[in-house]
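Everything on this sheet refers to the single structure shown next.
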Amino acid sequence: MAATLQQTHACRLSFTASSNKQIRIAAVSKTRLHAAHQPGAEQQQARSLVDSATDNAGLSRRQLMQAAAGLLAAAGLTVPVQPARALLDTPAGYTTRVDKLDGYSFVYPEQWAPVTSSGNDIFLRNPFNVDQNLFVDISSPSSSRYASVEDLGSPDAAAARILDKYLNKEFMSTRIGIRREGNIVSAASRKADDGRVYYDIEVRMASYASRSPYVATQGEVMRDYGIEWDRRFLTTLGVANKRLYELRMQTGSSTYEQDKPVLDLIRDSFRVVEVEE
């Protein structure tokens, strides 16, 4: 059944925006709206009101959305929220992290605790599993000009650079008797519901230590060694605001299979968005 408005009238409301400009928006109020078989009618009408005001007021869409929200609510309408800007369906037991300043969002288990001394944009760890944590890192706005994550090359090329960084920088050890090894488990691209392309990369890293205090070469380490740690690193890369965003999670290889559903949920929820200046 087609949606019908049986009675509408236009009322003019004036308000002062943050830029001190006086603008006027025509808001349509309704007495009765039947839309049982045409979902989205209210959202379409709300969007048309905001787009009309944007064309005439000279203000940003964000300012107009904020100002019009109250008017539309009074008229019984709703303002549509983009899935990339806010995760509406946060699973039970999870918390949504939305960084409006830098432009990203994701969900994570509510018991995970922040670590403020990491130097990353955000760092969270599982207090019940010392091997499990995540962080978000963002490239400098002054030194990066990314148009898409595909600027990194293929997913395999991006994974090779990550593995090289792990082996030769981040986890490199110059101590005699220590050996670090790593391999790429998977590298793939996907197009999310926000229309952006993301790269999902998984790397396995392990550290070995010699049982003998008298080893002289790395070759001797592998003849009589014990494993120090064995971890999985899951990285999701995305691009927005000409910057590269990296969500990185880690967990122990021994618990990876039982941890995977949680890590997959976090990874799939990660979104980057353009930030309005």
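The values are calculated or read from the model by the stated rules, or taken from the named source; none is laboratory data. The model shown is predicted, which means the values in this text are computed figures rather than measured ones. In this analysis, Cβ positions are derived from the backbone assuming ideal geometry, glycine residues included, and neighbour counts consider all displayed protein chains. Just the protein is used for accessible areas: all its heavy atoms, side chains included, with ligands, DNA and RNA removed. Shrake-Rupley method; radii C 1.70, N 1.55, O 1.52, S 1.80 Å.
Quick notes
- For Val273, the amide hydrogen comes within under 5 Å of the amide hydrogens of Tyr104, counting only partners 5 or more places away or on other chains and with H modelled in the peptide plane.
- Counting protein heavy atoms only, the range 143-248 has 47 percent of its accessible area on carbon and sulfur, 1.4 angstrom probe.
- The simple spin-label model puts a point 7 Å past each Cα toward its Cβ; for Ser189 and Met172 those points are separated by 3.0 nm.
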